[in-house]
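Engineer: I'd like to ask some things about the structure below.
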Amino acid sequence: MIELKDISKTFRRRPVLDGISLSIADGSRIALVGSNGAGKTTLIRCLLGEYVCQGSVQIDGLDPRRNRQQVLKRVGFVPQLPPPLQMSVNELVLFAAHVSDSDPKLMEDLAISLGLEFEAVRHQPFVKLSGGQKQKLLIGIALGRNCDMLFMDEPAANLDPESRQVFFKLLAEHNHKSVMLMSSHRLDEVAAFVNRVVELDQGRVTLDDHVVDTVELTSLLTCTIEASRNEEALAKALTEWGFEKEGEAPRWQGTVAGPDRLRFLSMVSRYAGLLVSLDLQGGNGA
Amino acid sequence: MKHLMAAARLDIAESLRARWFLIYTVVFGLVIVLLLVSGLTESRVMGFTGLSRLLIIYIQICMAILPIFVLITTVRSVAGDREAGVFEYLLSLPIPLAAWYWGKLLGRFVIVFLPVFVAMTGAILWAMVAGHTVPWAEFALNTAFLISLAWCFLGIGMLISSLAKSSDVAQGASFILWLVLLVFLDLVLLGIMVREQIPYNLVVSIALTNPLQVFRTASMAIFDPQLVLLGPTAHFILDIFGHTGFLLYGLLYPAIMGCLTAYAGFLIFRRGDLP
């Protein structure tokens, strides 16, 4: 149970968080959305005990600042910007596992399942990896820890559709009693795998709503798209989502992860003028 | 202890890969090589000869460049890491803040002291091979003084890093501090103050609070117990401390200053925002 009471944070007299109060029950999966500068990252840093703030942050009755180790042992964190660490990928995994009493092999396996070629990058400096590779490794480290809270700051932003699909599956497999807090500046990025949406604007909560979604995190939807003509931009976008073209006709087929369907539809909507038909089937709520 | 050692190892691993460390090591290695190549061990200047002469010159060079290297690399690393988001991620792991801070200090100490010590040890080995007499006692004392000096400036560097909001401010503050300490050496402003007949009490007090001057005078006192090179000020210092007393002061004062400034830095670090 996380309890935030009247949290305020000011930087050089500019309020970044302004009296935020939230109760987060076990099992909550929360999307923390808002535009850039809304206060999402600052709120996560307050939850991690990294920022000193006014008000009270309690995680199961413990202040994350005063009881750092006890609280942080239970929290897996994925930052928005990967840190520019010079150490090798292997050293980072060993360090994270060592200080959090976790199994480095599990972290490696999770990163591999997300599509990271671990052996190829094992001895490379972390800072030299691509954005996607860094994200996969940090997610692997966070999920590989024995924790019941996940705070993720734009976790899937650098992942390709295939990796996102695995990411949703891993989240679904994660402890069902755990609290997940995912920040994003776009709701469609995270809407499908949360059961509550909290929107921040200028450091205040402007929306706090529960979401009912019958699509399972692990579901796959079969999709067929027909366009009025062969258009290179549409073909390229669909290929990136793993779609295949059926012969010469402007018709494509592929699968979309259930939780990713809003994001997919958002992409497809850019080509609405070309679409003749779109068929999305399978899953519970298709 | 587990977390402290993990933080220290992490800092060492990060530093060994950084470009500044390569430059730092090459500088100290080159200084020794140049001193050996230029035949300093063969020369006799102001009564010093052999390896003692080389050590004196090396120590004086260390006095000038070690503090600025330690300050700049420490503040760049600590304040720079904080700015770049390294703290945000690594401090989200369950590491006690004390273990993180002191582990980082320990790691940095190994990193800044090792190249200086290895270069000096290299000179000793070379001297043994070349058949020179090795002044073991002087070598041991100089090593102790260098440890004390490095620790002092590491502590100051950590304090500046905790205080400064950005790495640019931290680097600027470090450079200004180093310049001020350098200016208040007997070679520069203190010499002028003596010449201008400013009260000796004031001049000596400034000299005894400047860790650079304390290091310089103490390292001179190893080879020159009467501090003849220092002139009349020497009488004042030796009257207060005596020879052994001053060597002890030269060893303890910078070390204690390093501990106090590092602790002050820790209190500020623990109290404020971490990333």
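The values are calculated or read from the model by the stated rules, or taken from the named source; none is laboratory data. Note that the coordinates shown come from a computational prediction; the quantities given were computed from them, not determined experimentally. Cβ atoms come from the backbone with ideal geometry, glycine included; neighbour counts cover every protein chain shown.
Engineer: Going by the conditions given, is residue A:109 over 22 Å from the mean Cα position of the chain (by Cα) and either within 14 Å of another protein chain (Cβ to nearest Cβ) or among the charged types (D, E, K, R) (or both)?
Structural biologist: no
Residue-wise test of (1) over 30 Å from residue A:40 (Cα atoms); (2) part of a helix (DSSP H, G or I); (3) in contact with a Lys or Arg (Cβ under 8 Å, 6 or more places away or on another chain); (4) modelled with pLDDT of 85 or more.
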| residue | (1), (2), (3), (4) |
| --- | --- |
| A:223 | yes, no, no, yes |
| A:229 | yes, no, no, yes |
| A:235 | yes, yes, yes, yes |
| A:254 | yes, no, no, yes |
| A:260 | no, yes, yes, no |
| A:270 | no, yes, no, yes |
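Let's see how each residue does on (1) at pLDDT 75 or above; (2) away from every other protein chain (no Cβ under 14 Å):
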position	(1), (2)
B:29	yes, yes
B:51	no, yes
B:58	yes, yes
B:74	yes, yes
B:91	yes, no
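Engineer: Anything in segment A:116-137 that is surrounded by fewer than 16 Cβ atoms within 10 Å (Cβ to Cβ) and more than 14 Å from chain B (Cβ to nearest Cβ)? List them, or say none.
Structural biologist: Passing the criteria: A:117, A:119, A:120, A:122, A:130.
Engineer: Has segment A:92-106 got at least one residue that is under 25 Å from residue A:186 (Cα atoms), touching a Leu at 6+ places or on another chain (Cβ under 8 Å) and within 14 Å of chain B (Cβ to nearest Cβ)?
Structural biologist: no
Engineer: Go through (1) in contact (Cβ under 8 Å) with a residue 12 or more places away in the chain; (2) more than 19 Å from residue A:135 (Cα to Cα); (3) more than 11 Å from chain B (Cβ to nearest Cβ); (4) not hydroxyl-bearing (Ser, Thr, Tyr) for residue A:13 and report which single condition fails.
Structural biologist: (1)
Engineer: Search segment A:255-285 for residues being of a type in the set (D, E, K, R) and under 23 Å from residue A:190 (Cβ atoms), and hand back the single one that is surrounded by the fewest Cβ atoms within 10 Å (Cβ to Cβ).
Structural biologist: A:270
Engineer: Considering (1) assigned to a helix (DSSP H, G or I); (2) modelled with pLDDT under 80, say which one residue B:225 fails and leave the rest.
Structural biologist: Only one criterion is unmet by residue B:225, namely (1).
Engineer: Can you find a residue in segment A:237-247 that is in a strand (DSSP E or B) and in contact with a Gly (Cβ under 9 Å, 6 or more places away or on another chain)?
Structural biologist: yes
Engineer: Residues that are more than 23 Å from residue A:173 (Cα to Cα) and in the same structural domain as residue A:168 (by TED's automatic domain parsing), at least 3 per element: which helices (runs of 4 or more DSSP H) completely within segment A:39-142 meet that?
Structural biologist: Correct list: A:40-47, A:68-72, A:89-99, A:118-121.
Engineer: Looking only at residues in segment A:161-179 that are part of a loop (DSSP other than H, G, I, E, B) and at pLDDT below 80, which one is farthest from the other protein chains (Cβ to nearest Cβ)?
Structural biologist: Per the stated criteria, the residue is A:176.
Engineer: Sort out which residues of segment A:238-254 are under 29 Å from residue A:171 (Cβ atoms) and surrounded by fewer than 17 Cβ atoms within 10 Å (Cβ to Cβ), and write them in order of number.
Structural biologist: A:239, A:240, A:242, A:244, A:253
Engineer: So residue B:219 clears everything in (1) surrounded by fewer than 20 Cβ atoms within 10 Å (Cβ to Cβ); (2) modelled with pLDDT under 90; (3) over 30 Å from residue A:83 (Cβ atoms) except one condition, right? Which one?
Structural biologist: (1)
Engineer: Against the condition crowded, with 18+ Cβ neighbours inside 10 Å and either of a type in the set (Phe, Trp, Tyr) or modelled with pLDDT of 75 or more (or both), how does residue B:207 come out, does it pass?
Structural biologist: Considered against the rule, which asks whether it is crowded, with 18+ Cβ neighbours inside 10 Å and either of a type in the set (Phe, Trp, Tyr) or modelled with pLDDT of 75 or more (or both), residue B:207 comes out as yes.
Engineer: Within segment A:126-139, does at least one residue satisfy the condition of being at pLDDT 90 or above, closer than 23 Å to residue B:84 by Cβ, charged (D, E, K, R) and over 15 Å from the mean Cα position of the chain (by Cα)?
Structural biologist: Yes, that holds for at least one residue.
Engineer: Step by step: first the residues of segment A:39-56, then only those that are crowded, with 23+ Cβ neighbours inside 10 Å and away from chain B (no Cβ under 13 Å), then the one that is nearest to residue A:202 (Cα to Cα). Which residue is that?
Structural biologist: Among residues in segment A:39-56 that are crowded, with 23+ Cβ neighbours inside 10 Å and away from chain B (no Cβ under 13 Å), the one nearest to residue A:202 (Cα to Cα) is A:39.
Engineer: Please state which one of B:250, B:265 is away from chain A (no Cβ under 14 Å), under 30 Å from residue A:65 (Cβ atoms) and touching a helix residue (DSSP H, G or I) at 6+ places or on another chain (Cβ under 9 Å).
Structural biologist: B:265
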